[in-house]
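First up is the structure itself, then whatever we jot down about it.
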Amino acid sequence: MDSPLASNIFRRLLSHQTCSTLRFYPPTSRKLLLDAPGRRYYRNSKEDEDDDSRQTSDWQMRTDIFPPDKLRDYERYPMVTSDMLRSRRERPKRVKMLARDFIEDSLYNPHYGYFPKQVVIFSPGQPFDFNSMANEPEFYKQLGQRYTAFEDELDSEVPNESRQLWHTPTELFRPYYGEAIARYLVTNYKLMHYPLDDLIMYELGAGNGTLMLNILDHIRDFDPDVYARTKFKVIEISSSLASLQSTQLTRNASSRGHIEHVEIINKSIFSWDTYVRAPCYFLALEVFDNFAHDSIRYDPFTEEPLQGTVLADNAGDFYEFYTKQIDPVASRFLRVRDAACSRPFDHPLRGSRFIRKFKSRLPFAPNLTLPEYIPTRLMQFFDVLRDYFPKHELLTSDFHALPDSVKGFNAPVVQTRYQRRVVPVTTPYVQQGYFDILFPTDFATIEDIYRAITGKLTKVMSHSEFLSRWAYVQDTATKSRENPMLSWYKNSSVMIST
């Protein structure tokens, strides 16, 4: 973290209670936290109870009432892409780029991106003993205690007020979550490919490597014949996480036994250039939410789409521009969606055309609709699966809904952590690398697009439905018969393909 700059940014962020564009929410109740995004930041209630109402700040909220004229800068600054910025060690200024390139650069730039440089994934240590817990609130209490202890230990080594710490279902419900996925994979492998083909698995973005180890442990212990033919390959864009995954493989005798079955490939899936002929399973868990999106607005009268571009000026401030020149990637997505989707989807132009035009004629009405964020990077991921993994079977899980998103359709949640508190903001165009930008996935639309691109058959189900079918749910049940593994992540869905 660029400590002096980051600390100054976050202190000013948190010291202004009335700033609507950069706002901090006080602590949430347990119910609200359970309804929050599945990749939850844990909020320390003791620190969040402090009254900040008397604090003041020189932070100036930017509004759209009298925006500065940046048209001359827009015409003069060069257009860049996230690929062109990958070798840069400093955040760019005096440039413009498409919204998807800005988001990609913010999240994945090797030198200042959020995932390569900021992310720490929570590990609870020993698995939770759910059967000994009285109820779900006790699980929540134990999770809070382990979260605090985990971060206290990190701070004892290297204090960090802006540590980006979050967790996943793989970590919270280890090893039961990974075992459920292993049962699904092995069962389908035996039905479809055994004994003619090996069991080959690819995991996109493996985090701490916990899911990989849980799956391999389960197969080794319960299906040794299948394990002998198992290969697990991780595709990891972050060098730091790839190194962590390699370390996890050598941490004890049990994990070292998997080394011959594992390959960690440190590269972006969008740079993949190896044709895989063999049947394989492709795991993409909580990955789609961080794929870059394009921003599209529409003329309310002509219904013509305009594509969003982000300008970074000489001071490093960001400004949005919209142009009628739609680039080939976004244009293709709109065409594919229109052709492939048989079910209605949320869209700025849905509803009465008369009412939309009437509202646009009102005084001070905007001349464009709210933005629609379209998953162009996800479409390109499907292209990679079709072109290089023609015999793949996909297993993906992600969020179909997210609270506290920015304004727009299919809009992201943009948030960071400072002093162990969550700081949501109202725009994705913020200092690159300091903020998580995560989008909901419209599974009905994505399912149709995936089918059209790959030709595969698919099934979408709820997160709890998948786990009820493949997990031993009694392992995560409390004495009150509440089951955190089924009740958490209610805003998630699972899609499988054959």
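For the set 320, 303, the ranking by accessible area, highest first and with no ligand, DNA or RNA atoms included, is 320, 303 under a 1.4 Å probe.
Of all lysines in the structure, the ones whose alpha carbon falls short of 27 Å from that of residue 141, not counting any fewer than 8 places away in one chain, are 31, 46, 479, 490. By the Stokes-Einstein formula, at 0.890 mPa s and 25 °C, the chain with its Kirkwood radius over alpha-carbon pairs has D equal to 102 µm²/s. Taking Cα centre as origin and charging only the Cβ of basic (Lys, Arg, +1) and acidic (Asp, Glu, -1) residues, the dipole magnitude of the chain rounds to 980 debye.
Annotation for the stretch 201-248 versus the stretch 363-437: alpha-carbon center distance of 27 Å. Ranked by solvent-accessible area (1.4 Å probe, protein heavy atoms only, all chains present), the residues 384, 158 order from largest to smallest as 158, 384. For an R0 of 30 angstrom, estimate the FRET efficiency from the Cβ-Cβ distance between residue 383 and residue 498 and round to the nearest 0.05. Approximately 0.95, to the nearest 0.05. Residue ranges 219-228, 268-277, 282-291, 461-470 sort as 282-291, 461-470, 219-228, 268-277 when ordered by packing (mean number of other C-beta atoms within 10 Å per residue, highest first). A helix-only calculation puts the chain at -10000 deg cm²/dmol for mean residue ellipticity at 222 nm, using -39500 (n - 2.57) for each DSSP H run of at least four residues, averaged over all residues. Treating each Cα of the stretch 405-498 as one equal point scatterer and applying the Debye formula with no solvent, the log10 of I(q)/I(0) at q = 0.20 Å⁻¹ comes out as -1.00.
Which entries of 117/231; 190/456; 96/233 have Cα-Cα distances beyond 26 Å here?
On the way: 117/231 29 Å; 190/456 19 Å; 96/233 36 Å.
Going by Cα-Cα distance, 117/231; 96/233 fall outside the 26 Å limit.
For the stretch 333-391, take the alpha-carbon Rg, divide it by the Kirkwood Rh, and send me Rg/Rh.
Values: Rg = 16.9 Å, Rh = 14.5 Å.
So for the stretch 333-391, dividing Rg by the Kirkwood Rh gives 1.17.
The accessible surface of the stretch 109-150, taken with every protein chain in place and a 1.4 Å probe, is 50 percent carbon and sulfur.
Subtracting the Cα-Cα distance from 0.36 nm times the residue separation, let me have the gained length for residue 302 to residue 358 in nm, one decimal. Mind showing how you got there, number by number?
On the way: separation 56, 0.36 × 56 = 20.16 nm, distance 1.35 nm.
Here the answer is 18.8 nm.
By a 1.4 Å probe calculation restricted to protein chains, residue 378 has an accessible surface near 10 Å², given to the nearest 10. Residue 349 exposes around 30 Å² of accessible area when a 1.4 Å probe is run over every protein chain in place. The length gained by stretching the chain between residue 451 and residue 156 to full extension, at 0.36 nm per residue less their Cα-Cα distance, is 101.2 nm. Taking Cα atoms only, the orientation of helix 3-14 departs from the longest principal axis of the chain by about 70 degrees.
Just the number please: accessible area per residue for the stretch 99-171, 1.4 Å probe, all protein chains included, in Å².
On the way: 2700 Å² over 73 residues.
Accessible area per residue: 37 Å².
The peptide list 108-116, 339-347, 159-167, put in order of mean Cβ contacts within 10 Å with the highest first, becomes 108-116, 159-167, 339-347.
In the stretch 240-393, the C-alpha radius of gyration followed by the widest Cα-Cα span (Dmax) gives 21.9, 71 angstrom.
Residue 487 contributes an accessible area of around 30 Å² to the protein surface, as traced by a 1.4 Å probe with all chains present.
Kirkwood radius and radius of gyration were both taken over the C-alpha atoms of the stretch 64-188, and their ratio Rg/Rh is 1.16.
The values are calculated or read from the model by the stated rules, or taken from the named source; none is laboratory data. Model, not experiment: these values are computed from the prediction. Heads up, the Cβs are rebuilt from the backbone with ideal geometry, glycines too, and the neighbour counts pull from every protein chain shown. Just so you know, the surface numbers come from the protein's heavy atoms only, side chains and all, with ligands and any DNA or RNA stripped out. Shrake-Rupley method; radii C 1.70, N 1.55, O 1.52, S 1.80 Å.
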